[in-house]
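Taking it in order: structure first as structure tokens, then the write-up.
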Amino acid sequence: MATVGENRSFWDGEYDWRDEGHEWSVAWGGADMQWFGTILPRLHAYVPAETILEIAPGFGRWTSYLKGLCDRLILVDISKKCIDACREKFASCFHITYHVNDGYSLDMVPDGEIDLVFSFDSLVHAEKDVIKAYVSQLASKLSKDGVAFIHHSNIGQYERYFRFWQKDTLPKGLINWLKEKGVVEPTDHWRAYSMTGSLMRQMVEEAGLFCISQEYINWGTKPSRLIDCITVFSRKDSKWKGPTRTFINRDFMKEAYHISSLSRLYSLSSLGKGG
Ligand SMILES: C[S@@+](CC[C@H](N)C(=O)[O-])C[C@H]1O[C@@H](n2cnc3c(N)ncnc32)[C@H](O)[C@@H]1O
């Protein structure tokens with residue numbers, strides 16, 4: 001269980017932000033490769049967008065790309081440390097506004113003006129109370145054709161599996177050995193156990209919105225354990241209305257490894273240009 005309090009104290013306190021989140025892009029060969037190879041192909045139909053709301057930007061790993069795709073960017077994070085870091089990093093960008101919230105509220109966001117809501121690699125740690133709060137508020141925050149692109153947890157579907165290996169049912173040494181050998185998933189990536197893709201779809205519908213698509217993906221896990229999901233949704237009266245499309249993508253990590261192999265030639269860092 002990753003409560004709002006635990007998220008705040010971890011990200012605002014003990015987490016070492018020295019690498020500003022770039023440590024999570026290593027599997028792709030860098031943040032630029034992950035953005036252009038994995039995120040942008042899924043997002044391109046919805047950008048540029050006049051006003052973007054990014055929920056939980058951390059130290060701005062994706063903000064760096066979103067800022068060039070809009071006229072107005074609103075950042076909301078539960079961690080003051082993260083918002084302060086973004087404020088400093090993007091000081092020259094006068095179209096960005098910054099907000100520390102309580103982990104639930106979007107009161108600071110204007111109604112009916114958000115053309116894209118983006119959250120990636122953050123709300124996977126948020127339990128259903130947080131997701132429900134955000135989704136229900138987004139019903140009034142989205143513009144007519146506005147879209148929300150939310151990466152969240154689906155680990156609830158595999159709860160029994162992960163819980164079994166977390167219990168002391170077998171000797172610790174044996175469990176660690178099985179994890180090292182890759183027989184057992186070494187970690188649950190601190191995913192929120194109360195969330196699943198189907199629950200997200202239910203929340204979206206209960207909020208009077210509709211799901212454009214849902215992609216179930218593995219994240220540092222075997223192809224059989226799709227612990228995450230990317231849900232894209234909008235208003236029912238939007239131009240995006242149509243049948244909800246679902247993709248069970250067991251090759252998400254294969255995609256990362258492939259992009260990582262391209263990064264040796266094409267990433268900014270391989271070209272000596274940072275990134
Ligand atoms: C793993 S970091 C990812 C940051 C960024 N998205 C990235 O990919 O680099 C998770 C972020 O989510 C934020 N966060 C966690 N729970 C939140 C909540 N309920 N509302 C807003 N932000 C939250 C944390 O403060 C942290 O900045």
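Bear in mind that the values in this text are calculations on the coordinates, not laboratory data. Given the structure is predicted, the values throughout are model-derived calculations rather than measurements. Cβ coordinates were reconstructed from backbone atoms using ideal geometry, including for glycine residues, and neighbour counts include every protein chain displayed.
Taking Rh as the Kirkwood radius, which is the inverse of the mean 1/r over Cα pairs, what is the Rg/Rh value for the range 47-184?
Details: Rg = 18.6 Å, Rh = 16.8 Å.
My calculation of the ratio gives 1.11.
When the Cα centres of the range 1-79 and the range 164-212 are compared, how far apart do they sit, in Å?
If you average the Cα positions of each part, the centres end up 22 Å apart.
Considering only DSSP beta bridges where both residues belong to the chain, give the percentage that are antiparallel (nearest 5).
40
Rounded to the nearest 500 deg cm²/dmol, what is the calculated helix-only ellipticity per residue at 222 nm for the chain, with -39500 (n - 2.57) per DSSP H run of length n ≥ 4?
Working: 10 runs with 84 residues, N = 275.
It lands at -8500 deg cm²/dmol.
Provide, as a two-decimal number, the C-alpha radius of gyration of the range 188-257 over 2.2 N^0.38 Å, N being how many residues it has.
Rounded to two decimals, the normalised Rg is 1.21.
Once phi is turned into θ = phi - 60°, what whole-Hz ³J(HN,Hα) does the Karplus curve with 6.51, -1.76 and 1.60 give for every residue of the range 10-23, x standing for Gly and Pro?
Running phi through 6.51 cos²θ - 1.76 cosθ + 1.60 with θ = phi - 60° gives 6, 6, 8, x, 6, 5, 8, 8, 3, 9, 6, x, 5, 4 Hz.
Relative to the Cα centre, what is the charge dipole magnitude of the range 1-115, using +1 at the beta carbon of each Lys and Arg, -1 at the beta carbon of each Asp and Glu, and rounding to the nearest 20 debye? Working shown, then result.
Details: 10 positive and 19 negative charges, 50 e Å.
Charge dipole, the range 1-115, about its Cα centre: 240 debye, nearest 20.
Which order do 115, 84, 168, 71 fall in if you start with the one that has the fewest other Cβ atoms within 10 Å?
If I rank by nearby Cβ atoms, fewest first, I get 168, 71, 84, 115.
To one decimal place, what Kirkwood hydrodynamic radius in Å is obtained for the range 134-227 from all pairs of distinct Cα atoms?
15.3
Can you list residues from other chains, or at least 5 along the same chain, whose modelled amide H is less than 5 Å from the amide H of residue 98?
75
Give me, ordered by chain and number, the residues 5 or more places off residue 146 or on other chains with an amide H under 5 Å from its own placed amide H.
235
For the range 176-252, give the share of DSSP beta bridges that are antiparallel, in percent and rounded to the nearest 5; count only bridges with both residues there.
60
Which of 125, 103, 82 sits closest to the plus end of the dipole of the chain, meaning its Cα is farthest towards the positive end, when Lys and Arg get +1 and Asp and Glu get -1 on the C-beta?
It is 125.
May I ask which of 80/254; 132/241; 89/273; 80/144; 67/144 have a Cα-Cα span longer than 24 Å here?
80/254; 80/144
Can you list the HN-Hα couplings for the range 66-74, worked out from phi with the Karplus curve (6.51, -1.76, 1.60; θ = phi - 60°), rounded to whole Hz and with x for Gly and Pro?
Each residue's phi maps through the Karplus curve to give 5, 4, x, 10, 7, 8, 9, 10, 10 Hz.
Which residues' amide hydrogens lie under 5 Å from the amide hydrogen of residue 193, considering only partners 5 or more residues apart or on another chain, with H built in the peptide plane?
2
Considering only 190, 244, 203, whose Cα is most displaced toward the positive end of the charge dipole of the range 182-267, charges sitting on Cβ of Lys, Arg (+1) and Asp, Glu (-1)?
244
What translational diffusion coefficient, in µm²/s and rounded to a whole number, does the Stokes-Einstein relation yield for the range 29-74 at 20 °C and a viscosity of 1.002 mPa s, taking the hydrodynamic radius as the Kirkwood radius over Cα pairs?
So the translational diffusion coefficient is about 195 µm²/s.
Taking all pairs of distinct Cα atoms, average 1/r, flip it, and tell me the Kirkwood hydrodynamic radius of the range 93-161 in Å to one decimal place.
13.4
Counting only C-alpha contacts under 8 Å and six or more residues apart, can you give the relative contact order of the range 180-275 as a whole percent?
23
For the chain, with only Lys/Arg (+1) and Asp/Glu (-1) charged at the beta-carbon, what is the dipole magnitude about the Cα centre, in debye rounded to 20?
Computed about the Cα centre, the dipole is about 780 debye.
With +1 on the Cβ of every Lys and Arg and -1 on the Cβ of every Asp and Glu, and nothing else charged, how large is the dipole of the range 28-88 about its Cα centre, in debye rounded to the nearest 20?
Details: 7 positive and 7 negative charges, 23 e Å.
Value, rounded to 20: 100 debye.
Which of 151, 216, 91 sits closest to the plus end of the dipole of the chain, meaning its Cα is farthest towards the positive end, when Lys and Arg get +1 and Asp and Glu get -1 on the C-beta?
216
Tally Lys/Arg at +1 and Asp/Glu at -1 over every other residue whose Cβ is under 15 Å from the Cβ of residue 39; what's the total?
-3
Provide Rg over Rh for the chain; use the alpha carbon set for both Rg and the Kirkwood Rh (inverse mean inverse pair distance).
0.96
If only Cα atoms are counted, what is the Rg of the range 134-182, and what is its Dmax, in Å?
Final numbers for Rg and Dmax: 19.5, 56 Å.
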